[in-house]
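These notes are about the structure you will find just below.
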Amino acid sequence: MLSNRIKELEASPIRRLNPYAAEARKNGKKIYPLNIGQPDIKTPNEYKSAIENYEEKVLSYADSKGIPELINSFVEYYEKHNMNFTKDDIIITNGGSEALLFAFLALFDLGDNVLMPEPYYANYNSFMHIAGVNVTPITTKAEDDFALPSKEDILKLVTPKTKAILITNPSNPTGKVYSKEEIYLIKEVALEKNLYIIADEVYREFVYDGLEFTSFAHIEEINDNVVIIDSISKRYSACGSRIGCIASKNKELMANMLKLAQSRLSVATLEQIGAANLVNVDENYLKEVNDEYRNRRDVLYNSLQKMNGVICNNPQGAFYVIAKLPVKDAEKFAIWLLTDFHINNETVLITPAESFYATEGLGRDEVRISYCTNVEALTKAMYLLEEALKVYPDKK
Ligand SMILES: Cc1ncc(COP(=O)(O)O)c(C=O)c1O
């Protein structure tokens, strides 16, 4: 018998449609994948060149905390963002994903509760499930630009079991960038109720329209409460490197977190060598990448705006949008796109958004669309989506 824990763990909703996509591809269809956050931007050469120059004869384990060069490169990076972390405040992880898992395991006991705005990154459900944590959603809506409710309304959701608030900023899946006021509002709730703040800031660079990004690490008053989740996956289009980190000024937490890092021995040595050299990437790289995504965002948003019955807000960060479609069930529509629809043997892959909500029934007519792909592909994909919606039989 397998454990109930594993049997009850849900398959990733972001990848759940993959078998349909595989079947469609087998049947010769070309698919524009707007379902995952896999950028098509070139990874900077600095990554590979550092690995190529590696000369050690033995590929040994690295320190469980991470190699000093990489930790120092994060310190340097944080300095540039006015985030005051020293090398003792950082543990290198296998992507932001492992940082999240460690945070859940280190902060929560079975049956504890985490508060987080919904819709939220669906993989949080897996980490919560593994750690035995329940979620209380702070519901946010496209029609309010996914703004947080008032402090009073958030305080009402806190129970004796609530240990932490998780904020993804900028947000996957909504593209929301939290204002300084909203960040301070969360800070006040955390101080008043003595809660940790898990700040998933893996999309820190992807903020558009001149908006200011406020990190929880900018607020000294809550140093001990804050755990930053970070990753180079999206920043440097290095998803396959699996390099991320967890950063916190809370010494007790970091000392205990290290035990988790030690249990898995270390993160891949060569990947850390490559990642450490990314501090030497020209500063224009991130600026150019930011311009590129903003441009893609404009293409996507303008196309969606023109489609009959489609409602979405203009996302200001990350590279996703939540769109309400004029269909009864977005999952059925997403499957239909793969099984029944095509124009000249081409179709689109999008993610049904229901799994990004904890509240039953929300998001059933919504999808998450990622704009990680180039403008040409995105334009084509939007044309296909518009035509598909015109002929889809199960509309609202
Ligand atoms: C909000 C958010 N956090 C964390 C991650 C984890 O990414 P990785 O494990 O590649 O660093 C992702 C990936 O899409 C994400 O969207």
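Of the GluC sites (Glu not before Pro) found in the range 269-351, those that fall in a DSSP loop while having at most 12 other beta-carbon atoms within 10 Å are Glu283. Charged side chains reduced to their Cβ positions (Lys and Arg at +1, Asp and Glu at -1) give the range 218-359 a dipole of some 220 debye around its Cα centre. Rank Gly244, Tyr178, Gly210 by how far each Cα sits towards the positive end of the charge dipole of the range 155-260 (+1 on Lys, Arg Cβ; -1 on Asp, Glu Cβ) and give me just the farthest. Sorting the options by dipole projection puts first Gly244. Within the shell of other residues whose beta carbon sits under 12 angstrom from the beta carbon of Pro315, the net charge comes to +2, with Lys and Arg scored +1 and Asp and Glu -1. What are the trypsin sites (Lys or Arg not before Pro) within the range 25-75 that DSSP puts in a loop, where the Cβ has at most 16 other Cβ atoms within 10 Å? When the trypsin sites (Lys or Arg not before Pro) of the range 25-75 are filtered for loop state and at most 16 Cβ neighbours within 10 Å, Lys42, Lys57 remain. Computed about its Cα centre, the charge dipole of the range 77-118 is approximately 200 debye, with only Lys, Arg, Asp and Glu carrying charge at their Cβ. Highest GNM mean-square fluctuation among Leu211, Leu384, Leu34, for the chain modelled with Cα contacts below 10 Å: Leu211.
In whole percent, how big is the carbon plus sulfur part of the accessible area of the chain, probe 1.4 Å, protein atoms only? Its accessible area is 49 percent carbon and sulfur atoms. Think of the chain as a dipole: +1 on every Lys or Arg Cβ, -1 on every Asp or Glu Cβ, centred on the Cα centre; then among Leu384, Leu300, Phe104, Leu384 lies furthest on the positive end. As a calculated quantity, the FRET efficiency between Asn223 and Val281 at R0 = 35 Å, using C-beta atoms, amounts to about 0.75. In the full protein context, the chain carries 44 Å² of accessible surface per residue, based on a 1.4 Å probe and ignoring ligands, DNA and RNA.
From the square roots a ≥ b ≥ c of the eigenvalues of the alpha-carbon gyration tensor of the range 7-160, which class results: rounded (a/c under 1.5), prolate (a/b over b/c), or oblate? Since a/c reaches 1.5 but b/c is at least a/b, the shape of the range 7-160 is classed as oblate.
Pairs from the list Lys65/Lys87; Lys234/Lys287; Lys65/Lys187; Lys30/Lys380 with a Cα-Cα gap above 18 Å: Lys65/Lys187. Here the contact order of the chain, divided by its residue count and restricted to Cα pairs under 8 Å and six or more residues apart, works out to 25 percent. In summary, the aspartates and glutamates within cross-link reach of Lys151, defined as a Cα separation below 12 angstrom excluding same-chain residues under 8 places away, comprise Glu181, Glu182, Glu188, Glu192. Each Lys and Arg contributes +1 and each Asp and Glu -1, all at the Cβ; summed about the Cα centre of the range 104-182, the dipole is approximately 180 debye.
The values are calculated or read from the model by the stated rules, or taken from the named source; none is laboratory data. Everything numeric here is computed off the predicted structure, so don't read it as measured data. So basically every Cβ, Gly included, is an ideal-geometry build from the backbone, and we count neighbours across all protein chains shown. Ligands, DNA and RNA are excluded from the accessible area calculation, which covers all protein heavy atoms including side chains. Shrake-Rupley method; radii C 1.70, N 1.55, O 1.52, S 1.80 Å.
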